[in-house]
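J.: Sharing a structure below in structure tokens format, with a few things to ask.
What follows is calculated from the coordinates using simple rules that are stated; it is not laboratory data. Every value quoted in this text rests on a predicted model; they were computed, and no experiment measured them. All Cβ positions, glycine included, derive from the backbone under ideal geometry; neighbour counts span all protein chains shown.
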Amino acid sequence: MKRGKLIVLEGIDGAGCTTEAIKLKDYIDLKLKLPVHLTKEPTDGPVGGLIRSILAKRVGTPSHDGTFQTIEPHSLALLFAADRVDHLEVDIKPKLDGGIVVICDRYYLSSLAYQSLHMDLKWLEAINAKCITPDLTIFVQVPPLVAERRRNRSRWHVELYEETAKLERVAENYLQVIELLQKRGHNIVIIDGNRPPREVQRDITAVVKPLLTTRATRRSKKNEPAPGELQLDIGFSEMSGSEAEEAL
């Protein structure tokens, strides 16, 4: 059985990653007819539940000046890393080993972009060093003010990282970290999310399709297997531009 593919959706809060992840799951399931699993971070597991409470400002301690302080940033970063390791071992890796496509709404790129507001990037990379590299990461890029308007339509409170001033810095961090990881060979694609939903979804499926399908799989439907084209999966990052266009 072929190993499944790990696809990650990333973006600042309000970028629409969750919505696009759901749409992508439906596309892979209904259009490509492939087994697919949608998951998220922080998870609904024991550590993920604590993280969500911290982000919602429901966990913390009163300080000497009477203000309410959330957990120390390094401790929060370690919680994110612990939740991610548990997520990988309990959920993601078994699905991938079973040949299932896994879509993850946020992954370690979120930690590198958000938590580097308060701490060293190299340390964050170190505590996430055991994470497997996604086959494809899609960064949905949306201006922070647009993201703020979207959040205001659906939420009644502001979470820990959701102040627009912070998200402007997070957006810059995302682009810097993406450039760094791309130079290391990571397959990361930036999609303009400040457009009509249909256009955003079209561009996302356009980069996902060649990761999951080949000419061999389509020819097999016609009982015309081509010599040298018997592999079921080709990573998008392993193809040249011309090959990717042909695979589309």
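J.: Among 53, 116, what is the fewest-to-most ranking by other Cβ atoms within 10 Å? Numbers along the way, then the final one.
T.: Values: 53 15, 116 21.
Fewest to most other Cβ atoms nearby, the residues stand as 53, 116.
J.: If I stretch the segment between residue 89 and residue 145 completely, what's the gain in nm (0.36 nm per residue apart, minus their alpha carbon distance), one decimal?
T.: 16.5 nm
J.: Right, something else. Could you please rank 26, 86, placing first whichever residue has the fewest other Cβ atoms within 10 Å of its Cβ?
T.: On the way: 26 12, 86 15.
Neighbour counts put them in this order, fewest first: 26, 86.
J.: Once fully extended, how much extra length lies between residue 172 and residue 26, figured as 0.36 nm per residue of separation less the alpha-carbon to alpha-carbon distance? Walk me through the numbers before you get to the answer.
T.: Details: separation 146, 0.36 × 146 = 52.56 nm, distance 3.09 nm.
This chain segment gains 49.5 nm when fully extended.
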